[in-house]
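Nothing in this text is a laboratory measurement; each read-out follows from the coordinates by a stated rule. Quantities reported herein were computed from a predicted structural model and do not represent experimental measurements. Every residue, glycine among them, receives a Cβ derived from its backbone with ideal geometry; neighbour counts consider all protein chains shown.
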Amino acid sequence: MDDADRAQAYEEMDRAIALRNSLAGEASGEAQIVTADGVVCCDCSAPIGGDRLGIVPKAVRCVGCQEVREAEEKRYE
Ligand SMILES: [Zn+2]
């Protein structure tokens, strides 16, 4: 492995970590809203399904709102 390979490997690792943090909502440090019906989206109050929580246990938003937010964050980069 030469230096260029190594730099690329680190870059991919950074990207994977950043992606995982954003999916988990950890980067924002926001808390989940838990009601009697379960976890709800902090933007639109829609229930967050158990299948999504199975993949992203700390999700604070439904898939739709998370996508909107990520698109907005990209725009400000
Ligand atoms: Zn939502």
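In the stretch 45-74, which residues have a backbone nitrogen under 19 Å from the label point lying 7 Å from D37's Cα in the Cα-to-Cβ direction?
Residues 45-54, 59-66 qualify, since their backbone N sits under 19 Å from the label point.
Treat each spin label as a single point 7 Å out from the Cα along the C-beta direction, and report the E73 to D2 distance in nm.
Computed distance between label sites E73 and D2 equals 3.6 nm.
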